[in-house]
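All remarks here apply to the structure that follows.
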Amino acid sequence: MTFRQAQSLLFHSLRRAPRAFLLSVFGIAVGISVLGFFLALSLGMQKRVLQRIFPSDRLEVVPPKAAVDEGAMGALSALLGGPKGLGDDVIRELRAHPDVQAVYPRLRVAFPVRGWGGERIVGRPIYTDLPIDGIDPAAVTEATSPWAFKDYVDDNKNPFCTEDKNCPQGWFCSWDKNKCEPPVPVIISPTLLEFYNGSFARMYGLPRITGFLVNQLRGLLATAELGKSFVSRREVGKPRQRKLVLVGVSDRAQPFGLTVPLPYVQRWNAEYAGEKAASEYSSLTVQVKPGKSSTRVVERIRKLGFALEDNGAEQAGLAVLLMTALFVLVSLSTLVVATLNVAHTFFRAIAERRHELGVMRAVGASQLDVILLLLSEAACIGLCGGGLGIVVARIAGFGVDYLSRTALPDFPFKPDSYFWFSPLLLLSLMGFSVAICLLGALFPARAAARLSPAEALTAK
């Protein structure tokens, strides 16, 4: 049988029973649309939401908790000086791992700090206690002018002053030392902006900070007072004020606070909290190499005796996977029904076309020709049903995204789209659609091929 003959027979077969063809296409389309919708939703939640909140290629290493209630092990730990600290030796150990791209130390301020500023945002100063930590400046590349994210070391060559106008442009007169100093560069996290836009801005009628306004924030000044707090009477050491300047937004910054170059926090902690608070890091940010799994890195971290910060990423990811699995099961049950419907359709078609199949065998068509003809019809059903199902899934996804943009209020990490219809997903859905149709038609096709020409021609 030539290709042209097979093509002609195929179109003739599809035209002679359009109702059965359309019902089969509809059944496949329903299953594929539901399956594609929820798979794209799962991928979108992981890529567009969870990955923004909990980056899978970044691990936060923290010291182990003090073992105070673990019996003999706790007593032994206490005798040995408590949990192992995060020092430079641990950084070198982790940097030597083949799957690790970079390791950046972090250090929290170990004393109270209060601050005020924000007039450019809300029109009046905001007074609050400031959570501050320091990070290796090499970890931050997003910061831009007017100040770089680096340590502006006081080398005792700064000019003396009595007020700001005595200092170089952009510098300030520190009242405790009567010396000119540059402002301390600060970065903030996109997470902080997300929560501000999604919660506080909407709640208090404040302007949202997005797009162009983010760039306008660079150069924003604030004042920090070291050693004092607004929420308690606790006071540590000799209070001093320092100017802060926002130099950029970076996902390396702590989620709900300010991040400055590490040397500043080391010097401040040494002065206000002692040398130990300056020499042992609060945590280490471990960046896994692209394309590498974090599993081996996690194993190495635990062998060294350290823990990973529990940020809820595993629980959130598991919840998304469980919901996806539930809806995928529903989709697959629909597709099983559709597959059985395809098989039923072909068994009925064979019964109605026994004479036609007998004529084909009598004029020279082989068993393989009959099987290929019927499987081609099934493939057409799969292609049409898969294509229609993908279109329906995309339309449903656009509808959900539109309702989210127009009907739902802004909230932290609200994505532009909840779905990720990747090319691989679309090809997989189409291939799966064709595969289940071929599976449904395989047994009827084999049964039709086994009919002898004489038996088929004499059938009523």
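Throughout, read-outs are computed from the coordinates displayed, never taken from laboratory work. Note that the structure is a prediction, hence the values are computed from the model and not measured. All Cβ positions, glycine included, derive from the backbone under ideal geometry; neighbour counts span all protein chains shown.
Treat each spin label as a single point 7 Å out from the Cα along the C-beta direction, and report the Asp129 to Ala102 distance in nm.
In this crude label model, Asp129 to Ala102 measures out at 3.2 nm.
For the pair Lys157/Arg92, report the inter-label distance in nm, with labels modelled 7 Å from Cα in the Cβ direction.
Label at Lys157, label at Arg92, 3.1 nm between them.
Could you list the residues of the stretch 241-274 with an amide nitrogen less than 15 Å from a label point located 7 Å from the Cα of Glu235 in the Cα-to-C-beta direction?
Counting backbone N atoms under 15 Å from the label point, the list is 241.
Could you give the C-alpha radius of gyration of the stretch 239-314 expressed as a fraction of 2.2 N^0.38 Å, taking N as the number of residues it contains?
On the way: Rg = 16.1 Å, N = 76, 2.2 N^0.38 = 11.4 Å.
Compared with the compact-globule rule of thumb, the stretch 239-314 sits at 1.42.
For the ranges 438-449, 219-230, what's the packing order if you count other beta-carbon atoms within 10 Å of each residue, average per peptide, and put the highest first?
On the way: 438-449: 19.6, 219-230: 18.1.
Highest mean packing first, the order is 438-449, 219-230.
Distance check, please: which entries in Lys150/Lys303; Lys243/Lys276; Lys177/Lys276; Lys157/Lys276; Lys179/Lys238; Lys150/Lys289 exceed 22 angstrom between their Cα atoms?
Numbers: Lys150/Lys303 33 Å; Lys243/Lys276 26 Å; Lys177/Lys276 25 Å; Lys157/Lys276 28 Å; Lys179/Lys238 17 Å; Lys150/Lys289 25 Å.
Checking Cα-Cα distances, Lys150/Lys303; Lys243/Lys276; Lys177/Lys276; Lys157/Lys276; Lys150/Lys289 exceed 22 Å.
Could you list Thr339, Thr162 so that the one with the fewest beta carbons within 10 Å of its beta carbon is first and the one with the most is last?
So the residues, fewest neighbours to most, are Thr162, Thr339.
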